[in-house]
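Trainee: Got a structure here, written out as structure tokens. Questions coming.
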Amino acid sequence: MIIEEVWRNYPVVVFSDLIRGDPPASREVKAMIESFKLYPDPAIFEVDQRTDEPVLRPLLQRLTGVEHTPLVIVGGSPIRTMQELRSMNDTGRLKEVIEAAGAKINGRKVKKGRKH
């Protein structure tokens, strides 16, 4: 029950790095996911900025089999490589998987500026 609730609230989860690992790839992933304007918003964790990094990295590796960041998990399933993520994005498969996980593409409300 808890697991289902977590995936319902956060169907897309991104683990990335700001400094370590591959920051350009992390920025690319976050920009790609951000471009979908998802609702609910994706959960994004900057692994190298967390105090529990020494525990979190091995845990992610053990649970997903992925040894690096960025790591994108959609509906509980990891997308294992940047090549796979780019290919899924290019073919439209990424949008399909995200929607199947329960996120709405272009579902986020955009705040409008105040009228004077």
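Trainee: Do any helices (runs of 4 or more DSSP H) entirely within the range 1-103 hold 3 or more residues that are modelled with pLDDT of 95 or more and either surrounded by fewer than 17 Cβ atoms within 10 Å (Cβ to Cβ) or not aliphatic (A, V, I, L, M) (or both), and if so, which?
Mentor: Numbers: elements: 2-9, 23-34, 53-64, 82-91, 93-100.
Ranges flagged: 23-34, 53-64, 82-91, 93-100.
Trainee: Return the total of residues in the range 43-82 being charged (D, E, K, R) and farther than 21 Å from Ile3 by Cβ. Lay out the reasoning, then the answer.
Mentor: Quick first cut of the range 43-82, residues charged (D, E, K, R) only: 46, 48, 50, 52-53, 57, 62, 67, 80.
In the following step, the residues that additionally are farther than 21 Å from Ile3 by Cβ were identified as 46, 48, 50, 53, 57, 67.
So the count comes out to 6.
The values are calculated or read from the model by the stated rules, or taken from the named source; none is laboratory data. From a predicted model like this one, the values you see are computed outputs, not experimental measurements. Note: ideal-geometry Cβ built from the backbone for every residue, glycine included; neighbour counts use all protein chains shown.
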